[in-house]
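The values are calculated or read from the model by the stated rules, or taken from the named source; none is laboratory data. Keep in mind that what you see is a predicted model, and the values were worked out from it rather than measured. Glycine gets a Cβ as well: all are built from the backbone with ideal geometry, and neighbour counts include every protein chain shown.
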Amino acid sequence: MTPEPGTTTPEASAAAVERLSPLDAVHRAAGASFTDFAGWQMPVRYSSDLAEHHAVRTTSGLFDLSHMGEIVLIGPEAAAALDYALAGKLSAIEVGQAKYSLLLAEDGGIIDDLVVYRTGDDRYMVVANASNAGVVADELRSRADGFDTIVSDESDDVALIALQGPDARAVLVETPGFGVDGPGNDADDFDAAIDALKYYRAFPATFEGEPVLVARTGYTGEDGFELYLAPHRAARLWEALRETGGSRVVPCGLASRDTLRLEAGMPLYGNELSRDIRPAQAGLGRVVALAKDGDFVGRAAIEAGQSADAPVLVGLAAEGRRAARAHYDVYDGDGADAAKVGVITSGALSPTLGHPVAMAYVSPEVSEVGRELFLDVRGTRIAASVVKPPFYKRDA
Amino acid sequence: MTEPSELQYTEEHEWVDVDGDVATIGITDYAAEKLGDVVYVDLPAAGTTVTEGTVVGEIESTKSVGELFAPVNGEVVEANQSVVDSPELVNSDPFGAGWLLKVRTSSLPKLLTHDEYRALVGE
């Protein structure tokens, strides 16, 4: 038996020189197992990956995402700077709106995928993957040069807690201490604000008198919220949500986060997205606003197009219980002479669906929905069908 | 459930319970915890000849794949069908209902004692 590398017990990891979440002590007290993620020690699970996954699908799950990066742009030309720096048209979003976007390299490759919140007329918050936070901050600073805006990496001053699942809304409004930031500031206003909050919208709230940005966003395929606040308030909010939610709120580690986002067909940077991948290959062509005025980094390369045989991202669904995983090869047949046509980027036995699902880059000629392909699972070819993600979609 | 202190162990985080010429084999609680939720177990059929130190099966969790090594030379007399049907037994009862294989063997290699194994995993 060879245990999974990279997973350590709290005892074994205590000596490691790594960054710790502001919720670290809370996680250790809860008996979490930790993993090294982009230089951070983060919970990989508290007890059971499957139980945590199912909790998000049926009640709600609580995630510590304080390792994510937050870069703030403030200034009269913050919107213009982002229109130049990112693939999307961020000047077009309203205050209180969020937008999924991409930071492209000059050659059109993906440096990171991001969620951008417009938090004021002249103010945006860009949320980057932990592994890319420094690079994103550097690129934004460099690309904003010449625009009247300040770029500030506030990652160390922002904690992020996500509450995801069908019970998330109820738990959030039941939790005492929330108010809308501004005059009045009572719990009724907060309930009304939550009820009015649409998907991919955010508003400034307070928790026990201190600011928290409440966003209806997430990475699980469920309804849910992401709560940005000062690190020293994170443990208090985490405990308050757990106390209020009781059995409806299950702390969840990064292992369940990965299977949840895979079922929801959401790409993960480092798996589906990289410097070597263009947005169109990943099915993210719509994120690139070629119609927007003015230049943006990567525009020329995207407009020049790409070879027609560049691999494209597809979903794959198989029967049985044997999952193909990242880096396994995809073949056009089950015989020894079958051509290799792609590579898996993420794969797991779907906890919700009960059968294996995967995402893979395959050559375009075998990418049509319904096509049968074969996944090489450590020497055994498993039949799979090309499907259009998401694999799982919640009932509306 | 078998008493862990009475078992022998391998550096591959497997336990071996010897009764006459039959060795019952499973993975330790430490290994089960490291794997996470086990969702698929692939075991050799009864009658398969296994060679010490070679991979004879696979234990998959939601997040990773563990290889099952044969800790002894011999012939598989039984694979635990209950674990194939309900892989979560490896997590819930690794030293008991979560056993994996029974292998008939004529000679045992040197294995670790419980204390030696605990030292290996830092407990």
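What the table below lists for this structure:
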read-out: Verdict on A:ALA289 being outside any loop (DSSP other than H, G, I, E, B) and either at negative phi or within 14 Å of chain B (Cβ to nearest Cβ) (or both); value: no
read-out: Subset of the stretch A:355-392 [modelled with pLDDT under 95 and not in a strand (DSSP E or B)]; value: A:ARG378, A:GLY379
read-out: Complete set of residues in the stretch B:41-65 that are in a strand (DSSP E or B) and either more than 13 Å from chain A (Cβ to nearest Cβ) or under 14 Å from the mean Cα position of the chain (by Cα) (or both); value: B:VAL41, B:ASP42, B:THR49, B:VAL50, B:VAL55, B:VAL56, B:GLY57, B:GLU58, B:ILE59, B:GLU60
read-out: Condition check for B:GLU123: at pLDDT below 95 and surrounded by fewer than 20 Cβ atoms within 10 Å (Cβ to Cβ); value: yes
read-out: Residue list for the stretch A:111-143, restricted to those being assigned to a helix (DSSP H, G or I) and of a type in the set (D, E, K, R); value: A:ASP138, A:GLU139, A:ARG141, A:ARG143
read-out: Leading residue by the ranking (farthest from the other protein chains (Cβ to nearest Cβ)) among those in the stretch A:28-53 that are surrounded by 18 or more Cβ atoms within 10 Å (Cβ to Cβ) and in a helix (DSSP H, G or I); value: A:GLU52
read-out: Close pairs (7 angstrom Cβ cut-off, 6 or more residues apart or separate chains): more than 14 Å from chain B (Cβ to nearest Cβ) and closer than 14 Å to A:VAL386 by Cβ in the stretch A:324-353, of a type in the set (Ser, Thr, Tyr) and surrounded by fewer than 19 Cβ atoms within 10 Å (Cβ to Cβ) anywhere; value: A:VAL341/A:SER363; A:GLY342/A:SER363
read-out: Considering residues of the stretch B:66-90 that are within 12 Å of another protein chain (Cβ to nearest Cβ) and within 15 Å of B:GLU14 (Cα to Cα) only, the residue surrounded by the fewest Cβ atoms within 10 Å (Cβ to Cβ); value: B:GLU67
read-out: Subset of the stretch B:26-40 [more than 10 Å from every other protein chain (Cβ to nearest Cβ) and surrounded by 23 or more Cβ atoms within 10 Å (Cβ to Cβ)]; value: none
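Matching residues to (1) part of a loop (DSSP other than H, G, I, E, B); (2) outside the structural domain of A:LEU313 (by TED's automatic domain parsing); (3) out of contact with any helix residue (DSSP H, G or I) (no Cβ under 9 Å at 6 or more places or on another chain):
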{"residue": "A:GLY182", "(1), (2), (3)": "yes, yes, no"}
{"residue": "A:ASP188", "(1), (2), (3)": "no, yes, yes"}
{"residue": "A:ASP195", "(1), (2), (3)": "no, yes, no"}
{"residue": "A:LYS198", "(1), (2), (3)": "yes, yes, yes"}
{"residue": "A:TYR228", "(1), (2), (3)": "no, yes, yes"}
{"residue": "A:ARG236", "(1), (2), (3)": "no, yes, yes"}
{"residue": "A:SER256", "(1), (2), (3)": "no, yes, no"}
